[in-house]
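Novice: My structure is below; once you've seen it, I'll send some questions.
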Amino acid sequence: MENYYNEIKKELLNYEITKKVKEYSINKSELETKYNVGKMLIEAQGGEERAKYGNGLIKEYSIKLLKETGLKYSERSLREMRQFFLFINNIKWRALRANFNLSWNHYKKLFTLKDNGQIKYYIDICEKYHLSYRQLGEKIKSKEYERLSEETKHKLSLDSTQEYEIADFVKNPIIIKNTKKDENISEKALQELILEEIPTFLKELGDGFTFIENEYKIKMGNTYNYIDLLLFNIKYNSYVVVELKTTKLEKEHIGQIQVYMNYVDTNIKTIYQDKTIGIIIAKENNKYVMKYCSDPRIYNTTYVLS
């Protein structure tokens with residue numbers, strides 16, 4: 001009986017591998033074909049500049065293809081192939097030009113993007129998280145790249161070799177789904193909204209964040225205090241204290257989170273972990289408070305309710 005099982009397992013595994021290879025081959029063939037057709041359309045229209053006004057020729061080709069071959073390639077589909085060639089050909093990122101790793105529908109979502117750093121960011125997260133083209137569309141629509149800091153965008157630029165920090169991919173603002181339908185919510189209610197969609201919230205913060213506990217109780221002397229959210233970042237090997245504020249960021253918030261961070265470092269962190277990070281999520285930013293904050297482990301961002 002065991003021999004039969006092993007043979008069945010082998011057969012099915014071989015099938016899955018063959019299917020994936022075949023799907024990859026079909027996808028690559030489709031993209032290469034559309035790239036080549038787009039290139040020839042550009043050449044037939046006399047180059048990139050003249051191609052902008054060459055929709056008449058595309059209409060003619062579409063009609064002739066249908067009449068002579070029965071192939072239904074609309075003007076729109078041929079224009080998209082032309083656009084695909086221009087998109088790929090104008091990208092400086094060589095890895096993108098050399099490898100067609102995404103689907104045609106993914107690339108159609110990327111057509112609208114102009115900035116190379118933006119394009120690279122969305123392609124990276126598609127490949128890293130295996131995003132569907134619909135999920136990619138949602139991220140583009142939410143302006144995820146635009147909500148990164150200018151420093152992070154610079155690091156994402158195609159020629160940058162700088163290392164990333166834990167706060168580089170914390171979005172600003174963070175988008176929180178508002179199931180309570182009330183704009184004037186308390187910190188407790190804000191925390192509840194975050195907990196309802198904790199996986200989404202952790203992704204808004206960036207890579208490697210995991211949830212430990214909300215209202216994490218700590219004792220200082222005879223007094224109990226509560227950390228709004230205690231997280232851990234696996235990638236950077238450090239605890240993360242998150243404090244929520246439904247007001248404008250104030251200097252008192254810096255002192256509060258610093259105390260909590262020091263407590264975690266003294267009582268929870270081990271010698272094998274890096275120092276604790278603090279993130280203050282406030283309703284409104286205060287650049288002067290952060291300008292004079294001397295602790296580089298503390299970061300702040302804002303939130304919007306959607």
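Novice: For the chain, calculate the relative contact order in percent as a whole number, restricting contacts to Cα pairs under 8 Å that are 6 or more residues apart. Provide the component values of the computation, followed by the final result.
Specialist: On the way: 380 pairs, mean separation 33.6, N = 306.
Reported relative contact order: 11 percent.
Novice: Measuring from label point to label point, each 7 Å out along Cα→Cβ, what is the residue 16 to residue 200 span in nm?
Specialist: 3.1 nm
Novice: Which of the following values of Rg and Dmax of the Cα atoms in Å was calculated from the structure shown: (1) 23.6, 75; (2) 25.6, 87; (3) 18.9, 58?
Specialist: Recomputing Rg and Dmax of the Cα atoms in Å here gives the entry labelled (2).
Novice: Right, something else. If the elastic network links every pair of Cα atoms under 10 Å, which of 69, 152, 246 fluctuates the most in the Gaussian network model of the chain?
Specialist: Maximum fluctuation in the GNM of the chain, among the listed residues, is at 69.
Novice: Students often get this wrong, so check it: of 171/235; 109/171; 217/269; 20/59; 180/287; 109/155, which have C-alpha atoms separated by over 27 Å?
Specialist: Too far apart for the 27 Å limit: 20/59; 180/287.
Novice: Once you place label points 7 Å from the Cα toward the Cβ at residue 23 and residue 210, how far apart are they in nm?
Specialist: 2.8 nm
Novice: Moving to a separate point now. Grab the Cα-Cα distance for residue 180 and residue 292, subtract it from 0.36 nm times how many residues apart they are, and report the gain in nm with one decimal.
Specialist: Numbers: separation 112, 0.36 × 112 = 40.32 nm, distance 3.56 nm.
Length gained, residue 180 through residue 292: 36.8 nm.
Novice: Let me ask something else about it. Rounded to the nearest percent, how much of the accessible area of the chain (1.4 Å probe, protein heavy atoms only) is carbon and sulfur?
Specialist: Working: 9490 of 18540 Å².
Using a 1.4 Å probe with all protein chains present, the chain comes out at 51 percent carbon and sulfur.
Novice: Between 70, 278, 206, where does the largest GNM mean-square fluctuation fall for the chain, given springs only between Cα atoms within less than 10 Å?
Specialist: 70
Novice: Do you know the relative contact order of the range 197-306, to the nearest whole percent, from alpha carbon pairs under 8 angstrom that are 6+ apart?
Specialist: Working: 189 pairs, mean separation 22.6, N = 110.
Over the range 197-306, the number comes to 21 percent.
Novice: Ignoring ligands, DNA and RNA, what accessible area per residue does the range 182-233 give at 1.4 Å, in Å²? List each step's numbers first, then the result.
Specialist: Details: 2680 Å² over 52 residues.
Value for the range 182-233: 52 Å² per residue.
Novice: Let me ask something else. Pick from 218, 176, 280 the residue whose mean-square fluctuation is largest in a GNM of the chain, springs joining Cα atoms under 10 Å.
Specialist: In this elastic network of the chain, the residue with the biggest mean-square fluctuation among 218, 176, 280 is 218.
The values are calculated or read from the model by the stated rules, or taken from the named source; none is laboratory data. Keep in mind the model is a prediction, meaning the values are calculated, not measured. Note that each Cβ is placed from the backbone with ideal geometry, even for glycine, and that neighbours are counted across all protein chains shown. In case anyone asks, the SASA skips ligands and DNA or RNA and just uses the protein heavy atoms, side chains included. Shrake-Rupley method; radii C 1.70, N 1.55, O 1.52, S 1.80 Å.
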